1. State which residue pairs qualify: first residue under 10 Å from Val99 (Cα atoms) and surrounded by 17 or more Cβ atoms within 10 Å (Cβ to Cβ) and inside segment 111-125, second residue modelled with pLDDT of 95 or more and of a type in the set (Gly, Ala, Ser) in any location, beta carbons under 7 Å apart, and separation of 6 or more residues or different chains.
2. Of all residues in segment 175-211, how many are surrounded by fewer than 17 Cβ atoms within 10 Å (Cβ to Cβ), touching a helix residue (DSSP H, G or I) at 6+ places or on another chain (Cβ under 6 Å) and farther than 22 Å from Phe138 by Cα?
3. If you take the residues of segment 115-141 that are in contact with a helix residue (DSSP H, G or I) (Cβ under 6 Å, 6 or more places away or on another chain) and farther than 18 Å from Leu209 by Cβ, which of them is farthest from the ligand (Cβ to nearest atom)?
4. Can you tell me which residues in segment 1-27 are of a type in the set (Asp, Glu) and either assigned to a strand (DSSP E or B) or within 12 Å of the ligand (Cβ to nearest atom) (or both)?
5. For a quick check of your reading: which helices (runs of 4 or more DSSP H) sit entirely within segment 173-241 and have at least 2 residues that are charged (D, E, K, R)?
6. List every residue pair whose Cβ atoms lie under 8 Å apart, where the two residues are 6 or more positions apart in sequence or sit on different chains, the first residue falls within segment 2-18 and is of a type in the set (A, V, I, L, M, F, W, C), and the second residue, located anywhere, is near the ligand (Cβ under 9 Å from one of its atoms) and assigned to a strand (DSSP E or B).
7. So, of the residues in segment 142-177 that are aliphatic (A, V, I, L, M) and over 19 Å from Glu14 (Cβ atoms), which turns out to be nearest to the ligand (Cβ to nearest atom)?
8. Scanning for something β-branched (Val, Ile, Thr), buried (at least 18 other Cβ atoms within 10 Å of the Cβ) and assigned to a helix (DSSP H, G or I), does segment 85-107 turn up at least one residue?
Amino acid sequence: MAKYKRILLKLSGESLQGKQGYGLDPEVLASYAAQIRTVAEAGVQIGIVIGGGNIFRGMTGVGKGFDRVRGDQMGMLATVINSLALQSAIENAGGRACVLTSIPMGPVGAGIYSKFRALELMREGYVVIIGGGTGNPFFTTDTASALRGVEIEADVLLKGTRVDGVYTADPEKDPAAVKYDRITFAEVIEKRLKVMDLTAFTMCMENRLPIIVFDMDTPGNLERVLAEEGALAEVGTLVHN
Ligand code: UDP
């Protein structure tokens, strides 16, 4: 398990809604929490960034009378709701977790995010969930996860999705698509594959932060991804320099 000492896990907001189509599914939260707790107990330091797409995305409001900046602020608040929900789920699973926010929010969470506060809490054994994205409009939580991953000097950025890796084409549309076990940043660009949005992808590439794309919805996969090299090929794709 100790292949990675410190990880940044990115979870999409949409995945938290499960089959409901909106909001938070307690079963998904419990499944994620159990996996996160197992990995934390094995001694891996974990930072988490969650999206807000199950509640609100800034772009959704554009065209419906919302100003983009205000819509993005609503989206960032949605990520805080998800962060608090995951914190509760981890605590219910018997783990220790806290939420730091990218914007000051008073008694909500354990304070404002800084690299040093996050690392201090990780050393104390907490899973640190960073809510509020980057704190700025016009960014995504993919970019927030890349930024925080680089900042906290994570060994790897884990992007949990419903697809189990990077494919030659979209596997949900093209049945002939083949999964890569590993691929370089340069190949992803050359083949125009989609791993994360460009801002996030560039951030990782320039700072040599490897990305693992994997399916977090299969229980036990988080542990498998972090285990020995062979298992990764089965459950995800490694993007590296
Ligand atoms: N957001 C933002 N700045 C950030 C991160 C997120 O403005 O740094 C807003 C943006 O409106 C985004 C929403 O929060 O649409 C939710 O995040 P995201 O779409 O990344 O969530 P996901 O798709 O992962 O559920």
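The values are calculated or read from the model by the stated rules, or taken from the named source; none is laboratory data. Here the structure is a predicted model, which means the values were calculated and not measured. When we count neighbours, we look across all protein chains shown, and the Cβ atoms used for this are built from the backbone with ideal geometry, even at glycine.
1. Filtered contacts from segment 111-125: Tyr113/Ser102; Ala118/Gly47.
2. 1
3. Here the residue is Val127.
4. So the first thing to find is which residues in segment 1-27 are of a type in the set (Asp, Glu), and the list is 14, 25, 27.
Result: Glu14, single match.
5. Filter on segment 173-241 gives 185-190, 221-226, 229-235.
6. Leu8/Val49; Leu9/Val49; Leu11/Val49; Leu11/Ile50; Leu16/Ile50
7. It comes out as Leu147.
8. So far as segment 85-107 goes, yes, one or more of its residues are β-branched (Val, Ile, Thr), buried (at least 18 other Cβ atoms within 10 Å of the Cβ) and assigned to a helix (DSSP H, G or I).
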